[in-house]
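This report concerns only the one structure given below.
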Amino acid sequence: MHLRHLTLADFRSYPAVDVALEPGVTTFVGLNGQGKTNLVEAAGYLASLSSHRVSQDGPLVRAGAERAIVRAAVVRDGREQQLELEINPGKANRARLGRAAATRPRDVLGTLRTVLFAPEDLALVKGDPGERRRFLDELLVARQPRWSAARSDYDKIVKQRNALLKSAMPLLRKGSRRRNSDVDVYSELASALHTLEVWDSHLATVGGSLVYARLRLLRDLSPYLEQAYDEVSAGRSQARATYRSSLHEPVAARIAAGEVPEQEEIVAAMHESFAQVRTQEVERGVTLVGPHRDDVVLQLGDLPAKGYASHGESWSFALGLRLASFQLLRTDLGTDPVLVLDDVFAELDAGRRERLAALVADAEQVLITAAVADDVPEALTGRRFEVELGKVAACPD
Ligand SMILES: Nc1ncnc2c1ncn2[C@@H]1O[C@H](COP(=O)(O)OP(=O)(O)OP(=O)(O)O)[C@@H](O)[C@H]1O
Ligand SMILES: [Mg+2]
């Protein structure tokens, strides 16, 4: 698929801009801070309903404006659809597909698919487990949008279960101080623990299916990751990603070894794991088992990437994860997602630049940003826009 138009109103630094796009490679060139990333961030937002730079919508709206609008014409298999999002920080966002009435943004997920690489992706390798969980879950949603709802259900269940654990804490303390004298405390505690068991079931069911989906995703992604890293780095070492699960030991070890247990088995293991950590959970007031506690271990050869890989290797690893995502979605969807490469070339050595250029040259649409035009290999320049102070102007060929 590709974008034929990208139109912004009060998005980031743009009061209003309309960029006509074509399939193939398009490069946005301009000095720092001129609005290159803002453009491609908008495209990514249309596809994922989130920004790769901020977790809240506030900064996406131009300072002084109330709402932002991002609109695009998305072409897939020759069919064009108008996709529009209205970003209202602090209020519900709205989406519109074609002439249909406005709906919830979640309903339009899947219309546009993008794979976006940006300097922030270095955190996939160097950052906290949360970065890697988000990577997996976002790819899950890009592959199958229905995971968006399951993902937010899961977050809600964890929040409610944590609240319950916290409320059980003082009861437990009171209970142990007063011994058997206070029947009320005990019955309250018993009822809290009973409710906790109900939440355990919810959490194991929803969380277990999420873990199962992540494991299958990682299994499908792995060969593409190995190949992409190999191609970018010219076979320097093997890139691997394995899942680190918070489930109890025999199951966690099997998962770490690359096995994907059946979903029912994961759900059952999660239940058992809750029982094992019950005391700690009540003491600390947090849920200690589940997909929100898991991680993905990234390795280059025999060493973990985190803490060992060089800057360029880490960059290439993050890039490998995105290129692998692109290949996986291309295979799954039968159409190419729009590939966005924000500032990718400046950090790569000459060999890696050329090899990356060769790798992405056949994608249906590639949007590239660069502060220095010469950093982009000649083979990949394609159509070029100059971005200056929020003005986007096509360069003559
Ligand atoms: N909500 C906003 N309202 C107004 N201006 C904003 C808003 N958010 C960001 N900006 C401005 O947009 C500019 C950053 O744009 P962007 O990140 O696209 O730059 P860039 O061209 O990609 O630069 P670089 O080459 O450094 O990556 C900054 O000057 C910033 O102040
Ligand atoms: Mg930028």
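A short reminder: the numbers here are calculations on the coordinates, not readings from a lab. What you see is a predicted model, and the numbers here were worked out from it, not measured in a lab. Cβ: placed from backbone, ideal geometry, glycine included. Neighbour counts: every protein chain shown.
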Quiz item: Once all Cα-Cα distances of the chain are split into 10 Å bins that start at 0, what whole-number percent is in each one?
Solution: 5, 21, 28, 23, 14, 6, 2, 1, 0
Quiz item: For the chain, which longest stretch is free of loop sites, where a loop site is one of the GluC sites (Glu not before Pro) that DSSP puts outside H, G, I, E and B and that has at most 15 other Cβ atoms within 10 Å?
Solution: 67-258
Quiz item: Which is farthest toward the positive dipole end of the chain among Leu31, Thr287, Ser13, measuring Cα position about the Cα centre, with Cβ charges +1 (Lys, Arg) and -1 (Asp, Glu)?
Solution: Thr287
Practice problem: Could you work out the equivalent-ellipsoid semi-axes for the stretch 147-297, taking the square root of 5 times each eigenvalue of the Cα gyration tensor, largest first, in whole Å? | Solution: 39, 14, 13
Quiz prompt | the stretch 211-295: radius of gyration and largest Cα-Cα distance (Dmax), Å | solution = 15.8, 51
Quiz item: Which of Ser246, Gln227, Val211 sits farthest toward the positive end of the charge dipole of the stretch 147-297, with +1 on the Cβ of Lys and Arg and -1 on the Cβ of Asp and Glu?
Solution: Ser246
Practice problem: Normalise the Cα radius of gyration of the stretch 1-153 by 2.2 N^0.38 Å (N = residues in it) and let me know the number. | Solution: 1.02
Exercise. Provide, for the chain, the number of lysine pairs with alpha carbons under 17 Å apart, each pair being eight or more places apart or on different chains.
Key: 4
Quiz item: Which value, in debye to the nearest 20, describes the size of the charge dipole of the chain about its Cα centre when Lys and Arg Cβ atoms bear +1, Asp and Glu Cβ atoms bear -1, and nothing else is charged?
Solution: 1300 debye
Quiz item: Where is the GNM fluctuation largest for the chain (alpha-carbon springs, 10 angstrom cutoff): Leu321, Leu85, Leu189?
Solution: Leu189
Quiz item: Counting Lys +1, Arg +1, Asp -1, Glu -1, what net charge surrounds Gln276 among other residues with beta carbon under 15 Å of its beta carbon?
Solution: -3
Quiz prompt | Sites excluded, trypsin sites (Lys or Arg not before Pro) in DSSP loops with at most 11 other C-beta within 10 Å, longest stretch of the chain | solution = 100-397
Quiz item: On full extension of the chain, what length is gained from Val183 through Arg79, given 0.36 nm per residue of separation minus the C-alpha to C-alpha distance?
Solution: 30.6 nm
Quiz prompt | Helix-only [θ]222 nm of the chain, DSSP H runs n ≥ 4, -39500 (n - 2.57) each, per residue, nearest 500 | solution = -15500 deg cm²/dmol
